[in-house]
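Report on the structure given below.
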Amino acid sequence: MRDERTERDVLFLRPGEGRAYPLGRMNAVFKADHGETDSAYSVSEWWLEPQTTGPGAHAHDENIELFYVIEGVASILAGAEWLEAPAGSFIRIPAGVLHDFENRTDRRAGLLNVFLPGGFEENMPAIATWFAENPPVSR
């Protein structure tokens with residue numbers, strides 16, 4: 001029987017735990033999403049191998065995204081500007097703003113992502129399939 005959690009439950013995950021989605025040279029690990037948050041938000045880690053492009057420039061019409069760099073240096077496209085964000089950096093992407101992320105360094109980079117409101121994570125199985133067929137390239 002699956003352990004169902006709701007937004008009223010305490011949720012504790014150890015390092016590496018969560019729903020993992022391999023995306024070529026990227027890996028996404030969802031820590032909390034629609035089931036645990038009643039679709040209010042999702043929280044995920046995104047790990048990029050050295051010299052790896054991200055998902056490609058895109059915008060979300062109705063969602064805010066928050067990024068916190070947890071390891072390495074991430075290059076974040078925010079509107080028309082690429083920001084070089086070392087570990088400890090925080091970036092808020094308002095709804096409708098073009099954005100992307102990449103790892104242009106020779107070390108692995110990790111991002112903590114909060115997506116408001118949630119719901120995006122329901123697309124992850126299809127996104128993982130797309131990346132399996134169209135893997136990100138090394139820079």
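The values are calculated or read from the model by the stated rules, or taken from the named source; none is laboratory data. All values derive from a computational prediction rather than experimental measurement. Glycine also receives a Cβ, built like all others from the backbone with ideal geometry; neighbour counts cover every protein chain displayed. All accessible areas refer to the heavy atoms of the entire protein, side chains included, with ligands and DNA or RNA removed. Shrake-Rupley method; radii C 1.70, N 1.55, O 1.52, S 1.80 Å.
For the chain, the longest principal axis of the alpha carbon atoms and the long axis of helix 124-133 meet at an angle near 40°. Summing +1 for each Lys or Arg and -1 for each Asp or Glu among the other residues whose beta-carbon sits under 13 angstrom from that of A78 gives -4. In this label model, T129 and H58 are separated by 1.5 nm, measuring between points 7 Å along each Cα→Cβ vector.
Shown in residue order for the stretch 13-28 are the 3J(HN,Hα) couplings computed by the Karplus curve 6.51 cos²θ - 1.76 cosθ + 1.60 at θ = phi - 60°: 10, 7, x, x, 7, x, 8, 8, 10, x, 10, x, 8, 10, 9, 10 Hz (x for Gly and Pro). Projecting the Cα atoms of L66, L23, L98 onto the charge dipole of the chain, computed from C-beta unit charges around the Cα centre, puts L23 farthest toward the positive end.
Solvent exposure of the chain, expressed per residue, is 55 Å² of accessible area, with all protein chains present and a 1.4 angstrom probe. Each Lys or Arg adds one and each Asp or Glu subtracts one; over the other residues with Cβ under 12 Å from the Cβ of H99, this totals -3.
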